[in-house]
Every structure is written in C-alpha cells, then in structure tokens.
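Rule-based calculations on the coordinates, nothing more; no lab input. Model, not experiment: these values are computed from the prediction. Here the Cβ is made from the backbone with ideal geometry for all residues, glycine too, and neighbour counts use every protein chain on show.
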Amino acid sequence: MRQALSIWNILAVVSTPKGESCVLPESRHSRQVSAESVPSVLKQALKDLCNTSPVLGAAIFSIEGLPFVSYFHAGTEEVAVAAIVASLHSASTQTVQELRQGTLKSIIVEGTTGKTIVIAIPPGYLLAVTAPDIARTGLVFSDAKKLAREVTKLLKILS
C-alpha cells in the first residue's frame, strides 16, 4: 500500500512574510513553519514524492527559469534543467494559445528511457518530475498533480 503524499503532515501554521500566521486547510499537525523555512519544507515534500511514488527526481522552478528547490539525483544540472523546463513551458503556452485550447496546465515529455511531467503551479512556478519509462504515466501524473495542488496553496499564502 502506498503512503499518502502530503506536505500537510509537515505544515499546519505558516507565518507569512508580513508576520501574520495562516492556518492551512486539512492540516494534521500543529508545527509552525516560518516563511524562511518554506524551501526546506518543499524539498522534504519533493523527497517524499520520490520515496513514495515511481518518481526519480522532482523540482520546483520559476517560470523565468530559475531553480527554487529540487530533489534530483547527483550530477543533475538544476540551473540548466530549470532553463529548459521554462523554455518548454513558454513554447507550450504559446502553442495552446495559438490552437485556442485554453490555458496550459501540464506537459508530458516521453523519451526512450524515461518521462518528464511539468505542471504549472500558480503564482509563477513549475513542478517538474522525472520517472523511468516503466512507470505508469497516470500514477506519476496523479501524484505530481496532488503535490502541485498542495504546493499551490502554500505558495499563495506566502505571496
């Protein structure tokens, strides 16, 4: 049985940059997390995703191509990957707009030895996850979308 993915296991009360405290919905514990510790909380959430899902690595990047937090295997150039993922997102956004298909939500890139899924996280971030080619795309996508929803709530509170 798979362990449920949730940063709510870590978070309950977040102090915003303005010093206000916000209670996150669906929280299970009462540990307080400051705005400065959000990157470490997000890194732990990425690590949990990699440990409980068929995901090899994961990262959160800005849509400008800057790395925010990542959990990839050693040797991964996160700055280069961030720039490539941002370019892919930009080109895909233009494609969706040109084809009048609404707003871009996600991108799936499949190679011969693995796949990468990119999901937009408002306000202005991207979640990128990598998985081996034998991983079920639907399972990886579902786990990534769940994490993206949770990260979105956290980032909106802090912005």
Per-selection metrics, the range 117-159 (Cα): Rg and Dmax in Å: 11.4, 38
Inter-label distance, nm, simple model (7 Å from Cα along the C-beta direction), E98/R136: 3.6
Low-density loop cleavage sites - GluC sites (Glu not before Pro) in the range 65-153, where at most 12 other Cβ are within 10 Å (DSSP): E77
Separation in nanometres of the label points that stand 7 Å from Cα toward Cβ, at I84 and E110: 1.9
Rg to Rh, two decimals, where the range 80-159 supplies the alpha carbon set and Rh follows Kirkwood: 0.98
Sparse-neighbourhood loop sites, trypsin sites (Lys or Arg not before Pro) in the range 68-159 - DSSP loop, at most 16 other Cβ within 10 angstrom: R100, K105, R136
